Amino acid sequence: MGTFGSTVLGGIVALAAGPALAASLIAASPGYTYFNRPGSDLGSQQAALRECLGLAAQTKVQRALEGGLIGDMLQLAQEDHTLQANVENCMVVQGWRVVRLSDDEGRSLAGLGQADLAQRLSQWIGASQPHGDVVRAWANEAASHASRRTGQAPILGGARSLSLAALPPEGSTPVKPYKWEALPKSAGPLMHALKPEELASVPADSALVIFDIRGAGITHGMSFMREGPDIETPAWKLDGRSNILEFANLGPTFHGLPQAHLMAFALPPGRWALFALGGSYSLTSFCLGAAAFEAKAGEVLFAGKFDYDADQFRPDFALTDVSAALAPWPALAARLKPAPWINGTRGPCIGQNIYAFEVEGAPYVAGYHWGGAAAP
């Protein structure tokens, strides 16, 4: 993704980063850990780990430094940290908990062979009260301001997943990173908000969708993807129209409301998923379960107010500001309504990190059983 791509500066910044914070999507939980889910067994855990390794392998880590032995070593370290972070994120979304052991016990177990380690862990994998300390479970962390949602993986410190070490090497299928197909000009990404004078001339075969974005800057942005018939088939292949919308907080402010950071877009009809957040020279993809809204031709929707500085990053649907902004266009104001969000849209795993993002209180896509849908 060009708008929020990693840069060499991002890699250099990563060199100074310390160990992972408690709520981090860019680095796995530090220390010796294993995965636990009450009622599960070794076989189900290994199947979940292989699935997560495949999804994590679709992502791509940009080089921290170019050239030389040191640069190559740093790159390998960063790739390893990012892989472990993505596997952990994926397991957590699937309902697994991260359990940490003491350093002494962890070192002792790490010295075992794969089969012996797997046998030891099998005693704890399905326990309701696992051996060790539960340090992480599903909590919709991408919505929390306290979480490290985007950024380069740290080079120093890190995690030691005993569950990964206990996974037999056979049976793993290499997965190539997701590759974007060349888009026809008509399907190019939508990146520029409409000017006020363009609002009344939105084509009848499009939806007018308005966003209120607060606190974002030039290095932070949101990417939306229009859902296709399946993960492998982008929507533009069906109708030749754009399936990508991405922006930072750089759009024009509506007339008369300098305090409202409103941006409006004419979108092709379909289900538009918030599939990634960009920032700190990286991209976190919500391919494991994204919140999305359905936009129909002719509708005027308010997707909500998203505030990057709020404790919770989620849409506020109060229509006061946006209704006032549309006052000069009463025909549009009369059709204005909140966007109907739904959780659990799957998509391709891109960028550097993967996780899920949910809008609190929204329903789930039929058949989605991860994230909050898997919570007891």
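Accessible area per residue for the range 275-376 in Å², computed with a 1.4 Å probe and the full protein assembly in place, what is it? Intermediate results must be reported in sequence, preceding the final value.
Values: 3770 Å² over 102 residues.
I get 37 Å² per residue for the range 275-376.
In the range 264-344, what percent of the accessible surface is made up of carbon and sulfur (1.4 Å probe, ligands and nucleic acids excluded)?
Values: 1450 of 2670 Å².
Carbon with sulfur: 54 percent of the solvent-accessible area.
How far apart, in nm, are two points set 7 Å out from the Cα along the Cα-to-Cβ line at GLN123 and at ARG214?
In this crude spin-label approximation the distance works out to 5.3 nm.
Hey, what D do you get for the range 262-376 in µm²/s if you plug the Kirkwood alpha-carbon radius into Stokes-Einstein at 4 °C and 1.567 mPa s? It would help to have the intermediate numbers written out before the result.
Numbers: Rh = 15.5 Å.
After rounding, the answer is 84 µm²/s.
In the full protein assembly as shown, how much of GLU197 is accessible to a 1.4 Å probe, in Å² to the nearest 10?
130 Å²
Compute the distance in nm between two label points, each set 7 Å from the Cα along the Cα-to-Cβ direction, one at HIS145 and one at ASP309.
Label at HIS145, label at ASP309, 0.8 nm between them.
Between the range 314-376 and the range 35-52, how many Å separate their Cα centres?
Each part reduced to its Cα centre gives a spacing of 31 Å.
Stretch GLU181-SER44 to full length: gain in nm at 0.36 nm per residue minus the Cα-Cα span?
Extending this stretch completely gives an extra 45.9 nm.
Among the listed pairs LYS179/LYS305; LYS237/LYS296; LYS237/LYS337, give every one whose C-alpha distance is greater than 27 Å. Can you show the working numbers first?
Numbers: LYS179/LYS305 32 Å; LYS237/LYS296 18 Å; LYS237/LYS337 29 Å.
With Cα atoms farther than 27 Å apart: LYS179/LYS305; LYS237/LYS337.
The values are calculated or read from the model by the stated rules, or taken from the named source; none is laboratory data. Nothing here was measured: the structure is a model prediction, and the numbers come from that model. Virtual Cβ from ideal backbone geometry, glycine too; neighbours counted across all protein chains shown. Quick note on the areas: whole protein, heavy atoms, side chains included, nothing else; ligands and nucleic acids left out. Shrake-Rupley method; radii C 1.70, N 1.55, O 1.52, S 1.80 Å.
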